[in-house]
1. Take the residues of the range 197-246 that are without any contact (Cβ under 8 Å) to a residue 40 or more places away in the chain and assigned to a loop (DSSP other than H, G, I, E, B): which is farthest from residue 393 (Cα to Cα)?
2. Taking into account only those residues within the range 135-157 that are of a type in the set (Gly, Ala, Ser) and either in contact with a Phe, Trp or Tyr (Cβ under 8 Å, 6 or more places away or on another chain) or buried (at least 18 other Cβ atoms within 10 Å of the Cβ) (or both), which is nearest to residue 106 (Cα to Cα)?
3. Name the residues in the range 376-411 that are among the small types (Gly, Ala, Ser) and over 24 Å from the mean Cα position of the chain (by Cα), would you?
4. Can you tell me which of (1) crowded, with 23+ Cβ neighbours inside 10 Å; (2) modelled with pLDDT under 95 is the one residue 67 doesn't meet?
5. Among the residues of the range 29-47, is any surrounded by 24 or more Cβ atoms within 10 Å (Cβ to Cβ), among the charged types (D, E, K, R) and not assigned by TED's automatic domain parsing to the domain that holds residue 313?
6. Identify all residues within the range 361-405 that are in contact with a strand residue (DSSP E or B) (Cβ under 7 Å, 6 or more places away or on another chain), within 23 Å of residue 340 (Cα to Cα) and assigned to a loop (DSSP other than H, G, I, E, B); write none if there are none.
7. Which residue, of 298, 275, 318, is without any contact (Cβ under 8 Å) to a residue 60 or more places away in the chain and assigned by TED's automatic domain parsing to the domain that holds residue 11?
8. Could you please give the count of residues in the range 93-113 that are in contact with a helix residue (DSSP H, G or I) (Cβ under 6 Å, 6 or more places away or on another chain) and farther than 21 Å from residue 200 by Cα?
Amino acid sequence: MIKTVSGAGSLKGSLQLPPDKSISQRAAIFSLLYDGKSRIRNYSQAQDPQSTLRCVQQLGAIVKEDSGDLIIEGKGRDGLVEPKQDLDCGNSGTAMRLLSGVLVGAGISAKLIGDASLCGRTMTRIIEPLEAMGAHILARNSAYAPLFINRVEPLRPMEFELPVPSAQLKSCILLAGLFGEEVTRVIETLPSRDHTERLLNLHQQWENGKKIISASIADEIPEQSYTIPGDFSAAAFWLVAGAIQNNAEMLIENVGLNPTRSALLDILGDMGADLIIENERMEGAEPVGDIKVKGSDLKAVEIDPKMIPNCIDELPILAVAMLFAEGTSVISGAEELRHKETDRIMAMSKMLKAVGANFEEQEDGLIIHGDPEFTFQSAEFESFHDHRIAMASAVLSLKGKGESKIKDAESAAVSYPTFWEDLEKMMN
């Protein structure tokens with residue numbers, strides 16, 4: 001699908017965001033492990049969480065709807081069943097990596113498959129530690145899905161220091177560890193998303209500046225009954241759109257404000273964006289609030305590489321903000337972007353090149369020479385079937401004088417099924 005987006009004079013109104021994709025998927029998996037019923041409100045209808053939901057059903061969970069809520073009856077750690085068919089994770093790296101940990105921990109044999117994009121992403125980071133825990137995993141070229149998982153030895157505990165700040169890798173090891181008699185410990189030197197620790201109420205301690213998270217069979221799996229907050233990564237597109245657009249004034253409601261997810265707020269704040277957080281509250285274990293954003297005069301910023309794990313998904317839209325900021329902005333230490341749904345550094349470069357931006361591509365990021373007065377007539381954008389590139393291109397299109405086109409725009413539905421409708425709403 002090719003989507004046409006016209007330049008916008010202003011953006012005004014309020015929005016309810018789609019439910020958080022990362023939390024939704026964890027809610028489904030953790031409900032499977034809970035022995036009893038969980039009531040999840042506002043579960044995501046996006047493709048990735050729906051793929052995860054189908055997988056947990058194949059592993060024994062009973063899923064029903066009740067007045068718009070999702071009721072998931074879990075079987076507990078000792079009640080999981082071997083799936084009769086392949087577990088299709090679709091485009092979801094979260095599903096494939098977290099479920100791999102569950103399968104190894106439970107000692108269940110299964111084949112994990114996914115779409116072409118997911119099968120192009122390396123799984124070596126989870127394969128090596130899971131095999132050290134007693135699993136035997138067959139993978140295409142020893143690195144890529146499909147994954148054939150079979151635990152051939154008794155589960156061994158691990159003390160595993162994360163080689164990179166990855167919430168998916170961390171969660172994979174901890175979920176396997178939850179089935180072990182002895183404690184598995186994951187050591188985190190740089191922070192990554194902490195939804196798993198929060199939602200499972202896992203023990204955490206800090207030693208010499210490092211966080212150590214523990215998991216074993218002794219940990220009680222809590223009931224997963226709460227309201228999923230709005231996806232902060234979805235909010236990011238509107239926060240930037242509002243900040244770079246003259247006369248914009250928007251209210252983004254029910255936004256998840258987990259501090260391991262929301263570095264973009266600090267970065268935009270450093271750039272001079274007019275952002276106000278209101279109605280702060282807790283939904284279960286997660287902080288939530290409403291965010292007002294207005295058009296602002298932005299200045300350049302250099303993102304500290306230590307902050308990259310906390311804003312990795314927001315970097316494509318941050319590149320758009322940087323284009324309209326005064327001065328030269330730098331993204332570095334983001335080599336991980338080359339291993340996402342597509343090579344996102346390459347894709348961001350193509351997006352900027354399409355409008356004639358002044359920038360340089362680096363191996364681990366971008367150097368963007370911004371200009372608040374930067375203008376372009378129109379452009380044709382390649383999304384590379386990547387939802388975040390498609391939506392970042394749409395926000396950039398709003399600054400064009402004419403009509404721009406985004407190819408494969410349907411990819412936005414991976415995380416934000418109503419993005420195009422919400423965009424039209426904000427422009428009217």
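The values are calculated or read from the model by the stated rules, or taken from the named source; none is laboratory data. Quantities reported herein were computed from a predicted structural model and do not represent experimental measurements. Counting neighbours? That spans all protein chains shown, and the Cβs are built from the backbone with ideal geometry, glycine included.
1. The selected residue is 218.
2. Here is the first cut: in the range 135-157, the ones of a type in the set (Gly, Ala, Ser) are 135, 139, 142-143, 145.
If we keep only those that are either in contact with a Phe, Trp or Tyr (Cβ under 8 Å, 6 or more places away or on another chain) or buried (at least 18 other Cβ atoms within 10 Å of the Cβ) (or both) too, we end up with 135, 139, 145.
On the way: 135: 11, 139: 20, 145: 20 Å.
Going through the qualifying residues, I end up with 135.
3. Residues of the range 376-411 that are among the small types (Gly, Ala, Ser), as a first pass: 378-379, 383, 390, 392-394, 397, 400, 402, 404, 409, 411.
Scanning the range 376-411 gives 378, 379, 400, 402, 404.
4. Every listed condition holds for residue 67 apart from (1).
5. no
6. 383
7. On the way: 298 fails: without any contact (Cβ under 8 Å) to a residue 60 or more places away in the chain; 318 fails: without any contact (Cβ under 8 Å) to a residue 60 or more places away in the chain.
The conditions single out 275.
8. Within the range 93-113, residues that are in contact with a helix residue (DSSP H, G or I) (Cβ under 6 Å, 6 or more places away or on another chain) and farther than 21 Å from residue 200 by Cα number 2.
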